[in-house]
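Here is the structure we will look at.
Each value in this text was obtained by applying a stated rule to the coordinates, not by laboratory testing. Note that the coordinates shown come from a computational prediction; the quantities given were computed from them, not determined experimentally. Here the Cβ positions follow ideal geometry from the backbone for every residue, glycine too, while neighbour counts run over all protein chains shown.
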Amino acid sequence: SYDGREYVPYREPSLVKSVPAFPPYTRMARHRSFYLWWTNEFRHWWKSSRLLVRLGGLYVYSFDPTVAPNILLLDPEKRKTIKKLFKFAKKLGQGGQLRVFVKTVKPFTRSMRLLVGGWRWFEAAPCRRIEVGVEETMAFIGNRVSRFVARGGTDLLGLEIILPLQRFLFRGDYLPYPEAYHPIAVCVCLGILRAVSPFAASFQGSRVGRVLTRRFFSSAKNRWLPVQRIGDLNLLSDDCQEKDEANQTADLVIIARRVATALGKVQTSGDSNGDDDGEKEVVRQYEALKDEGFAQCGAGSGGYAVYQFRFKSTTILLHVTPYGPSITDVMPFYLVLEFETSVDIREQMWANSLAPISSIQLQGPQVLEGYAYQGAFFSPHHFAELKTMYDKQLLAYEAACKKLPIVAKNTRRGGPPRDLPTLKSFLEAGKRSRKRKQNIREFNELQIVVRSVAKEILALMKKEKKMGDGGNRLAPKGVILYFEGLDCSGKSSTGGLVQAALEESGYEVGMRQYNRPPTAEQRMRPWMDRFDVPGSSSFLDLSQTQAQDEDGEHIGLVWDRGPAGDF
């Protein structure tokens, strides 16, 4: 029988892809395509090679027997000599005799730059293509302008400052000529500067063009900032209205969350991992999904499985594929939900698959893809952010482990991390010096804000004491700080900053994390019963009686996720 797993009935394969052609990408990242990344690397290698050719031609031309003797015979005290020396230095910067080759390959170099810029625009997320197009255009303009300014500045420096100064020193007999000094050395230095300065300035010019574009679009569209009040968010901005993601109220999104919760219960082995209850009960994937109404109708290699689900008089197909490698020993799952009549139209662009369907009974796109991890459903962009952050922290952890003997020797609190604060400090030791300095600057800026907030709270407390018991309560006795968001979105770090401000002002603050589904015993009680509150009562009471019971203490509690989240 089918339930006894003796066989799996055959079904025609779905028209929707079950395995992604590329890993999920970060929205603002460039070079998501492997081939584009290598094309850009080749472009940079080609630019560096052109610079080396210029310097090689400079070296050969400076010892050219047909040119160097003529330079040696020039009288450095004459004004006409300045123009001749400048012309010689300019030819050195152009590569000498190899400048013909450099000029010949210039169209190929420009073509490579235009190819990479156009490719970046093509692979950008649909909602940001205009921005990426303007960004690449401004980067190209900044590149050309910076090279022009660098060459012009070098020519002006040599023709108007260095060479006239050299002539003045020769005429005043401050420099012996030609026994100990000859102007050909200055020409070689100017030639090297003229060859290297446009190359170095081109990178900075491109960066300035991109930064100006990004800041302009961020200001024009009122995008989310690293630190911003919720009331200042523009709900009509691109960050709040993603054009290439499904609405959270769509039917398939709601079903995907149920699927992710069921997959979070999957237990493939009976290992207890140190739990006191002994071995865990093995829960298979098809058993967990069967409880949600999904029946398996197909399977494939690599753990791929197909399920069907009846929804509003139509059939929904679910494609599940393990998406390794595992994250903290938990395997993510790649999900594709589709209506049985759906057609794969993602060959052109992912956003095209989100066109609203004509049926009135159904809401949302015909196809939905995402990732399930630890009982939560993630869109491709959100999962990419999670995976990218995990990979970065894993690399930092491995680097910190290699430095562990050095860190333990040079610091008081050496050794492996023991809790979350020591883990964060340990990870900082594995980051690059430049990144550590940047984090220190940001931390110091945030500490200034924390101290200012603490001073405001202390001022409210002092004002409240002056007003007496009959006055209004300015600094509440009990405070709950509720942070909701995806994993690795900074909830714990932000909560720690607010917690530090409250503790500095006299509050006793604790933190609670609710990132796991409620247990069977907790489901038997009221929903809010499992969420701790300040004080001894089961609910937050800010009345005068409750304040007296707390002996005048101010208590705060930080919720890392809560009743409005997925769990």
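Among 520-533, 451-464, what's the highest-first ranking by average C-beta atoms within 10 angstrom per residue?
451-464, 520-533
Can you list residues from other chains, or at least 5 along the same chain, whose modelled amide H is less than 5 Å from the amide H of residue 105?
none
Which distance in nm do the two modelled labels at residue 168 and residue 403 give, with both placed 7 Å along the Cα-to-Cβ direction?
The modelled label-to-label distance comes out at 4.9 nm.
For the stretch 27-142, compute the number of Lys pairs whose alpha carbons are separated by less than 20 Å, excluding pairs fewer than 8 positions apart on the same chain.
Number of lysine pairs found: 14.
Could you please state, rounded to a whole Å, how far the C-alpha centre of the stretch 47-90 is from the C-alpha centre of the stretch 494-526?
That distance is 72 Å.
Note down the nm distance, to one decimal, between modelled labels 7 Å out along Cα→Cβ at residue 329 and at residue 393.
With each label placed 7 Å out from Cα toward Cβ, I get 1.7 nm.
Just to confirm the filter: which trypsin sites (Lys or Arg not before Pro) across the stretch 90-153 are DSSP coil and have at most 10 other Cβ within 10 angstrom of their Cβ?
Working: sites: 90, 91, 99, 103, 110, 113, 120, 128, 129, 144, 147, 151; in loops: none.
Qualifying residues, ordered by number: none.
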